[in-house]
1. Identify the GluC sites (Glu not before Pro) of region A:78-185 meeting these criteria: DSSP loop state and at most 11 other C-beta atoms within 10 Å of the C-beta.
2. What is the Å³ per residue value for the convex hull set by the Cα atoms of region A:48-137?
3. What's the extension gain from B:Asp334 to B:Lys83 if we count 0.36 nm per residue and subtract their Cα-Cα distance?
4. Going by how many other Cβ atoms sit within 10 Å of their own, how do B:Ser175, A:Ser179, B:Ser238 line up, fewest first?
5. Using DSSP H assignments, which helices in chain A have an axial alpha-carbon span of 20 Å or above and a mean Kyte-Doolittle hydropathy of 0.5 or higher?
6. Nearest 10 degrees, 0 to 90: what angle lies between the long axis of helix B:25-36 and the longest principal axis of chain B (Cα atoms)?
7. Quick one: go through region A:165-196 and flag any residue whose amide nitrogen is under 20 Å from the point 7 Å out along the Cα-to-Cβ line of A:Thr119.
8. What cysteines in the protein assembly as shown have no other cysteine with a beta carbon less than 4.7 Å from their beta carbon?
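What follows is calculated from the coordinates using simple rules that are stated; it is not laboratory data. From a predicted model like this one, the values you see are computed outputs, not experimental measurements. When we count neighbours, we look across all protein chains shown, and the Cβ atoms used for this are built from the backbone with ideal geometry, even at glycine.
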Amino acid sequence: MKKTIIMLLSVLLVSIAKAETKQQITIINNGKAGGSYHARTQMYRDGLVAAGYEVDYEDVGKISQAVKIFKETDKPTIMVYSNNQVYKQDLFHTAENFIMLEYQQPLYVCQTNESKSKTSGLTVAHGKGYDTKLLNKVLGDDIILVPYKNSSAMLKGILGGDVDMMVNNQGMSLKYMESELGTCEPSNLLPTMQATVIGTNIDIKQMREVIFEITMDIPFLEYHNSRQLNRPSNTWENELTTVKNYEKQWQN
Amino acid sequence: MEELIAVSLGLFAGTVTGIVPGAGVTVAMVIATPMLMGFDVTQLLLFYMALASMVQFTGTIPAVFLGVPGETNSLPAVIEGTKFNRRMMSQLAVGVSAVGSVLGSVIAVALTFLLLSFLIGHVSVFFSNNTKFYLYIFVIVFCVLVYNRGNVLINITLCLTGYALSLPGESDISSNIRYTLNIDDLEFGVPLMPVLIGFLIVPTLYKIYNDHQRVKQFKGNDVAFKKVLVYFMRCLPSSIRGSVIGYLCGFMPGVNTILATNTSYSVEKRLNRNSPGRQLVASETANNSGQFASMLPLLLIGIPITGSEVILYSLLVDAGWSPFQFDNVANNADMIFREIVPWFVLANLVGLLVAWPFAKQILRMFTASKKYVIISLAIFMIVLNTYLGIQDYRTVLYTICLIVFGCVGLLIRKHEPVPLIFMFILGNDIEAVFLRQMLI
């Protein structure tokens with residue numbers, strides 16, 4: 001009996017000690033359900049919990065508000081991010097906040113089969129945050145730019161016959177190609193989108209190791225493979241240099 | 001199991017909403033928002049379907065027994081139900097209305113099944129900006145001409161106010177922040193909840209409170225099931241007619257069930273001038289048929305056409321639903337018949353049970369505790385607004401907006417706020433659609 005009590009007490013003490021050493025971290029969800037930001041945040045949250053972290057999940061749902069909280073917080077916090085947001089949100093990748101480059105994808109230029117013979121006055125769907133001057137530079141001055149709220153709305157626009165072309169992300173472009181109503185080509189002239197993870201009030205290098213392990217797990221591998229996302233794994237220094245270079249492409 | 005919970009909650013919310021005079025599906029959706037935020041897409045659709053169907057059943061109860069419209073489309077039930085009530089036959093009126101409502105729902109499902117291939121075959125029509133452009137023009141014209149007894153000046157003012165409230169923050173066509181009046185919190189736009197509570201719920205609670213003074217008693221004898229069925233069979237042609245008229249009117253944005261009920265009622269009044277039973281059955285049948293039809297544009301192609309559907313739409317998008325469903329129509333159609341219709345049938349059967357045999361008991365329960373219901377609702381709304389403000393990190397703005405919009409809502413309580421709410425919620429999208437229409 002005595003032995004059993006001692007054993008139970010030992011187990012209890014070990015559990016308490018273990019609980020006390022659990023590291024706390026806040027993860028901010030900056031995307032809506034169904035979007036890539038949201039999906040990635042959920043996977044990181046689950047991964048952090050599995051890695052023994054006590055995760056405080058802040059479900060903000062809007063990137064601009066999430067950035068505001070990220071800038072003001074004094075708690076250890078991480079957030080998924082991408083380089084196309086840096087100028088708009090005034091939050092750039094630095095050695096103090098950059099944790100990891102998760103994947104990158106080019107922008108695609110898609111055109112309907114019907115409009116292939118058209119030489120001028122092509123209507124081009126683009127996201128509302130895109131640099132219109134750059135689009136004119138790449139696609140010519142005689143195009144008509146038609147703004148859409150997001151990548152999904154652009155896809156519907158081109159499927160519905162609103163526009164002759166669209167400049168869209170990889171996922172929506174692949175979907176459009178599946179419809180066989182037109183073709184898409186990745187563009188070398190348009191900016192490349194890079195998905196990253198950033199953090200504040202934490203040991204960046206230590207967190208990178210944890211985050212990297214999470215991305216090597218099955219859910220992340222499936223996520224990347226199913227979307228044909230290219231993952232340029234490298235050293236932290238090289239990734240940061242690449243991200244800093246690529247984010248300049250998004251300056252309007 | 002999760003589906004059953006969603007349907008049960010929807011049925012409960014629908015029962016309460018239908019019985020509370022003046023409260024409608026939109027109000028119920030707003031009140032249920034915190035709970036709905038945790039629902040997935042299917043649960044949200046089932047909750048809404050159960051709620052909207054149930055309201056059509058139970059809305060008849062206060063209309064017939066008390067002469068108070070439970071829903072905005074219960075006016076024919078008030079007029080014709082009162083005639084039954086005078087003859088101590090209100091139970092019969094509620095009974096035939098409930099049976100007619102079930103038939104209306106069944107006919108609506110059958111019509112959908114028949115027309116579905118046509119809809120899917122011509123879905124590319126709905127893909128384009130062009131379609132949306134004309135649909136929005138139609139909705140705006142309806143908002144201006146139909147609400148507030150067709151008072152164009154009032155409706156235009158409400159539309160413009162709603163649009164003005166939708167302007168601050170980021171638009172759908174540009175990432176630039178606009179009209180924030182140097183208030184940081186306005187960068188994310190005027191919050192939805194204070195607008196809904198202020199313009200919709202505050203005036204509704206005020207009206208319910210005032211109705212409370214009038215509601216004293218209700219009367220009626222119990223009627224056997226067989227007698228109800230026999231009476232209903234005499235009204236069957238009117239019921240079928242009402243179902244078809246209601247179904248077609250159900251597609252009309254903004255006015256679906258109101259138009260369905262009143263058109264069917266008018267037609268029946270012309271055909272059977274001296275038969276209050278047929279007029280009542282036709283209008284109540286049209287109600288349910290129109291309700292199902294009104295959900296189809298949202299379910300099939302992702303276009304909300306009523307105020308309550310707009311709220312559902314934003315919740316669906318938050319739950320991971322694609323904002324547009326044009327490329328997914330076949331799957332959506334399959335989902336309607338596989339996941340929605342069976343529960344819709346169940347909801348109608350429960351509606352039949354609640355609206356008919358238990359009508360008097362339910363009404364008695366409510367009239368006994370109505371004062372507490374109003375107080376609880378008012379407190380709940382304030383707590384809800386503050387909670388959502390904290391969640392959105394904009395508590396002060398939420399509170400100020402609630403006070404301001406609540407006061408304005410009370411001042412304009414005699415007017416229907418639907419045009420304002422419609423333009424507030426869809427203003428940004430309408431602006432984007434109109435701009436693209438000029439560019440393309």
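1. For GluC sites (Glu not before Pro) across region A:78-185 that sit outside H, G, I, E and B with at most 11 neighbouring Cβ atoms in 10 Å, the list reads A:Glu96, A:Glu114, A:Glu180.
2. Per residue, the Cα convex hull of region A:48-137 comes to 169 Å³.
3. 86.0 nm
4. A:Ser179, B:Ser175, B:Ser238
5. A:2-21
6. For helix B:25-36, the angle is close to 60 degrees.
7. Correct set: A:165.
8. When partners are defined as cysteine Cβ atoms under 4.7 Å apart, the protein assembly as shown leaves B:Cys143, B:Cys159, B:Cys235, B:Cys249, B:Cys401, B:Cys407 without one.
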